[in-house]
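Shown next, in structure tokens, is the structure this report addresses.
Bear in mind that the values in this text are calculations on the coordinates, not laboratory data. Quick caveat: nothing in here was measured; it's all calculated off a predicted structure. Using ideal geometry, Cβ is built from the backbone for each residue, glycine included, and neighbour counts are taken over all protein chains shown.
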Protein chains: 2
Amino acid sequence: MSPPEAGGVLVGVDLGGTQIRAAVATGPGTHGEPVRRRTPAADGPQAVLDAVAAAVRQAAAGAQCLGLAIGIPGPLDPATGVVYDAPHLPGWRGLEAGRLLSERCGCPVVVNNDAKLAAFAEWTRGAGRGTRNFVFVTVSTGVGGGLVLDGELYTGTAGTAGELGHVPASPDGPRCGQGHVGCLEGVASGTAIAERARAAVDAGERSTLRDAKGELDARAVETAALAGDDLANRLFAEAGRALGRAVGGLVNVLSPDVVAVGGGLLGAGDLLFTPLRDALGEIAFAEPLARCRVVPAQLGTDAGLVGATSWALVRLRSVG
Amino acid sequence: MSPPEAGGVLVGVDLGGTQIRAAVATGPGTHGEPVRRRTPAADGPQAVLDAVAAAVRQAAAGAQCLGLAIGIPGPLDPATGVVYDAPHLPGWRGLEAGRLLSERCGCPVVVNNDAKLAAFAEWTRGAGRGTRNFVFVTVSTGVGGGLVLDGELYTGTAGTAGELGHVPASPDGPRCGQGHVGCLEGVASGTAIAERARAAVDAGERSTLRDAKGELDARAVETAALAGDDLANRLFAEAGRALGRAVGGLVNVLSPDVVAVGGGLLGAGDLLFTPLRDALGEIAFAEPLARCRVVPAQLGTDAGLVGATSWALVRLRSVG
């Protein structure tokens, strides 16, 4: 792979609800030392876009920025650069992020969803390397994902494809944070696990989590599960089973080479992964399952920035 | 589109459990007068393949058959021509159908799953015409389907992608005919509706279906529902809701332009389609749903043969 573009650099940005990270793309799956800035989310979109532009200038370190790829935490249309919504960024509904950033940075800008760029990163340098058909599922506060099909990042007609957390889990299940009835995210996300723990404790169920009630988040449930608490273990088992059934369904629908599962809740490791693996066969056909590896993701929190810089190279190299 | 290949013809075959249909491809989505033969399924694969070869000769009507595409009712690998299994064709597990037919017919043979070729047909000439991303769901004895993504029939790594009936519906749901726990086909297929009706009648539920008990199939439940029977209407409503939730999940995962729903159970029309449509919003995000039309399929039982002849043109034209 060649060094940064002659006469300038391509930059990737991972925009999160609390932090902006920017770095120069140095090759497929590699990037320079990242620049970090706080996301001034509460100050509105103009302030956030200004902070992104400043981070891009700092990352470019005096070189001309020839093009910019940015991952944004919400559904959006990559074709138009318009963000449909970004739950953690107030005021971003319907924002023309691509155009506004291009004006600020004076270069072409491509935008994509952060989870889809993380999927692209895992495909470029992580658990999906060398595959033709790849599914990435990320499980943290919510459940998201991305697809690489026939060797291309697949985003579908509205640009939003790969919303893997919002598939049916149970017709009687709880609503997820987005209001969907009985979908996967309502059972298998960090938010769902914490809510179900609080509800069980409130209902009088015996658990060491009764003491942690004030700060009862998914991390506390994980700690309790590892210490042998029955309620906490049951909640992780149910979440893992729901994830495994959903992944089994994706194996039938898409027959991928690899499904990689990442995200903060996978810090829980076997706690989630063992029931996930065990449930695959409830739904998946033998043949596509035999041709598919279901594995942990490899890049951790770096996936977003690796994805953005790699995407800049793929989509913007010709501007160099 | 040009006429049949100079010096010979391309033939498409729709192989069903009871009938073989063969026709000459005359253009994308069009074919000559079909030849029909009984499928001698019980006599084993060699007899069935002989009957297919005879139907092909008859359809070619003296012209040389330059290539043959066949749709087979079971999971298979289009890349190798090997059938993993075909539930309605005894002895076909692991059968090298492509090679065996090629030997019999003396020409190149491409094989694919019948539901995937029906999807290709609906995309070529039916409800998916002109789209880039298209999902076809067929609901009859079982639930199957096929995908056209980024303008190509998508079959995935094992060749089996598009098994849309085997996605999670409920963790407590019944097993489907393939043994999967709580998948869509266990609730929303003709087989499932008939089984659930029998179980309810056996459990003493009041219904006009008590009288039809001997021949209680999905058609009888449909007739009872149209005549106002509560049990029958509830079963169709539950099946339609499960289908709508599953389609809503596919809208989130794939963001298609169109989802077409066909198959024998759609003869029931609004009985299934109204609850299906109503349930989409339980799961689907607003943006991809606004960009997607969910409509009845258009080609009916001709889809398999239209798909096979169209597929012959796409995959075998170069041999002409």
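Would you mind checking which residues have amide H under 5 Å from A:T26's amide H? H placed 1.01 Å from N; only 5 or more apart, or other chain.
A:H31, A:G32
List the residues, sorted by chain then number, that are 5 or more residues from A:Q19 or on another chain and whose placed amide H is less than 5 Å from its amide H.
Close amide H contacts, sequence-distant or interchain: A:T39.
Restricting to the protein assembly as shown, compute how many DSSP beta bridges are antiparallel as a %, nearest 5. Intermediate results must be reported in sequence, preceding the final value.
On the way: 51 of 91 bridges.
Around 55 percent of the beta bridges assigned by DSSP in the protein assembly as shown are antiparallel ones.
Which residues' amide hydrogens lie under 5 Å from the amide hydrogen of B:Y154, considering only partners 5 or more residues apart or on another chain, with H built in the peptide plane?
Hits under the 5 Å cutoff: B:L147, B:V148, B:L149.
Using the beta-carbon distance between B:D85 and B:R129 and R0 = 30 Å, what value does 1/(1 + (r/R0)^6) give for FRET efficiency, to the nearest 0.05?
Efficiency, from the Cβ-Cβ distance: 0.40.
Computed from the mean reciprocal separation of all distinct C-alpha pairs, what Kirkwood hydrodynamic radius does chain A have, in Å?
Numbers: mean 1/r = 0.0496 Å⁻¹.
In chain A this quantity evaluates to 20.2 Å.
Kindly write out, for region A:300-306 in residue order, the coupling ³J(HN,Hα) from the Karplus curve 6.51 cos²θ - 1.76 cosθ + 1.60 (θ = phi - 60°), rounded to whole Hz, with x marking Gly and Pro.
x, 6, 6, 4, x, 6, 4
Mind listing the label-point distances from B:T274 to the same position on all other copies, shortest first, one decimal in nm, points 7 Å along Cα→Cβ?
So the label point of B:T274 gives 5.0 nm to the other copies.
Can you work out the Karplus-derived ³J(HN,Hα) for every residue in region B:155-163? Use 6.51 cos²θ - 1.76 cosθ + 1.60 with θ = phi - 60°, whole Hz, and x for glycine or proline.
10, x, 5, 8, x, 9, 4, x, 7
Treating the beta-carbon of each Lys and Arg as +1 and of each Asp and Glu as -1, no other charges, what is the dipole magnitude of the protein assembly as shown about its Cα centre, to the nearest 20 debye?
Charge dipole, the protein assembly as shown, about its Cα centre: 900 debye, nearest 20.
Tell me, what does the Kirkwood hydrodynamic radius of the protein assembly as shown come to in angstroms if you use every pair of distinct C-alpha atoms?
On the way: mean 1/r = 0.0385 Å⁻¹.
After inverting the pairwise mean of 1/r, the radius is 26.0 Å.
Averaged over peptide A:284-292, how many Cβ atoms belonging to another chain are found within 10 Å of each residue's Cβ?
6
Hey, rough spin-label estimate for A:A203 and B:R93, points 7 angstrom out along Cα→Cβ, what's it come to in nanometres?
4.2
Return the FRET efficiency for the residue pair A:R38, A:E103: r is the Cβ-Cβ distance, R0 is 22 Å, and the value is rounded to the nearest 0.05.
Working: r = 23 Å, r/R0 = 1.03.
That pair, A:R38 with A:E103, gives E of 0.45.
Starting from a label point 7 Å past Cα on the Cβ side, list the distances from B:A227 to the same position in the other copies, nm, shortest first.
Listed shortest first, these distances are 6.4 nm.
Work from the charge dipole of region A:175-320 (Cβ charges, +1 for Lys and Arg, -1 for Asp and Glu, about the Cα centre) and give the residue of A:L265, A:A284, A:L226 farthest towards its positive end.
With unit charges placed on the Cβ atoms, the residue in question is A:A284.
What list of ³J(HN,Hα) values in whole Hz, one per residue of region A:222-228 in order, does the Karplus curve 6.51 cos²θ - 1.76 cosθ + 1.60 (θ = phi - 60°) give from phi, with Gly and Pro shown as x?
For region A:222-228, the Karplus-derived couplings read 4, 4, 5, 4, 5, 8, x Hz, x marking Gly and Pro.
Along Cα→Cβ at 7 Å, what distances in nm separate the B:G62 label point from those on the other copies, shortest first?
Label-point distances to the other copies, shortest first: 8.5 nm.
What residues of region A:194-210 lie in the reach of a label at A:A227, counting those whose backbone N is under 11 Å from a point 7 Å from the Cα along Cα→Cβ?
The answer is A:208-210, whose backbone nitrogens lie closer than 11 Å to the label point.
Only helical DSSP H runs with n ≥ 4 go in: add -39500 (n - 2.57) per run for chain A, normalise by residue count and round the 222 nm mean residue ellipticity to 500 deg cm²/dmol.
-12000 deg cm²/dmol
Which net charge results for the neighbourhood of B:G244, defined as the other residues with beta-carbon distances under 9 angstrom from its beta-carbon, given Lys and Arg at +1 and Asp and Glu at -1? Mind showing how you got there, number by number?
On the way: positive: B:R241, B:R245, B:R277; negative: B:D278, B:E282.
Once positives and negatives cancel, what remains is +1.
GNM, chain A, Cα, under 10 Å: largest mean-square fluctuation among A:E215, A:E152, A:E195?
A:E215
How much of the pair distance distribution for region A:127-298 lies past 28 Å, counting alpha-carbon pairs only, in percent? Walk me through the intermediate numbers first.
Values: 3153 of 14706 pairs.
Counting every Cα pair in region A:127-298, those more than 28 Å apart make up 21 percent.
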